[in-house]
Amino acid sequence: MAAAPEARSHAGALTGAAAARKPPFEEVVAAYGPMVLRVVRAVLGPHDAEDAWSETFLAALGAYPELPADANVEAWLVTVAHRKAVDVTRGNARRPAPVGAVPDRPAATGRPDDRDPDLWQALAALPERQRHAVAYHYLAGLPYREIAALTGGSTDAARRAAADGMKTLRRTYPHPPSTEES
C-alpha cells in the first residue's frame, strides 16, 4: 500500500510529517513556488517576475542543505525572493531605457490571471514599502514582524504600510464596469 501523501495546510505549506524532517527540495518548490511567484510579481511586475522566481529557487537550492530542519521555509524563501527582487531592481536601474518601444500587450498564454494591466499599474504606483508590505502580507501570508525584518522597519510600520497600500489599491484599482446605466 502506498504511503499517504504529505499533509498540506491551506496555504500549501508543508506540515505534519514533513515538519519533522526536511523535505526534498522538489517538494519545497512545489509547495511554495506559486506563493513566491505571486510575491515577485507584486514586487517587480509581470516582466521580471519569472526571472526573479528562477533566481530565487537557484539561490535557495544552493543554500537549502544548510537550512535547519525546523526553519520557517516560507519566510526564508520570501527573504531570498526579496533579495533577488532588489538585485533585479538594481540591475534595471543600470540598464538604458529602450526608446520607441512597442506598447505592452496582454499575454497570449490563455491564462486570464497572468496579466491584469490595471492591477499591475495600481501596484506599481504604490510607494515601495507599501508595495512590498502588501505583497509579503497579502500574497505570501507573512506576519508583520517578518515583513518588518525583511524591509528594515518596525512591526507597526509594516502593518501601517500594508494598510495604506490596500487603502490606495481599493481607491485606485478599477472595478468592472457596471452593466446597469442610471
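The values are calculated or read from the model by the stated rules, or taken from the named source; none is laboratory data. Not measured: the values here are computed from a predicted model. In this analysis, Cβ positions are derived from the backbone assuming ideal geometry, glycine residues included, and neighbour counts consider all displayed protein chains. To get the accessible areas, we keep the full protein, side chains included, count just its heavy atoms, and leave off ligands, DNA and RNA. Shrake-Rupley method; radii C 1.70, N 1.55, O 1.52, S 1.80 Å.
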Being surrounded by 18 or more Cβ atoms within 10 Å (Cβ to Cβ), touching a residue at least 40 places away in the same chain (Cβ under 8 Å) and not in a loop (DSSP other than H, G, I, E, B), is that true of even one residue in the stretch 48-62? yes
For residues that are in contact with a Phe, Trp or Tyr (Cβ under 8 Å, 6 or more places away or on another chain) and open to solvent by 60 Å² or more (accessible area, probe 1.4 Å), tally how many sit in the stretch 157-173. 1
Would you confirm, using the coordinates I've provided, whether residue 153 is farther than 22 Å from residue 33 by Cα and open to solvent by less than 60 Å² (accessible area, probe 1.4 Å)? yes
Could you tell me whether the stretch 76-95 includes any residue that is open to solvent by 70 Å² or more (accessible area, probe 1.4 Å) and either modelled with pLDDT of 95 or more or hydrophobic (A, V, I, L, M, F, W, C) (or both)? yes
Subset of the stretch 20-47, residues assigned to a loop (DSSP other than H, G, I, E, B) and open to solvent by 70 Å² or more (accessible area, probe 1.4 Å), comes to 21
Inside the stretch 98-169, counting only helices (runs of 4 or more DSSP H) that do not spill past its ends, which hold 1 or more residues that are at pLDDT 90 or above and within 28 Å of residue 31 (Cβ to Cβ)? 128-134, 144-151
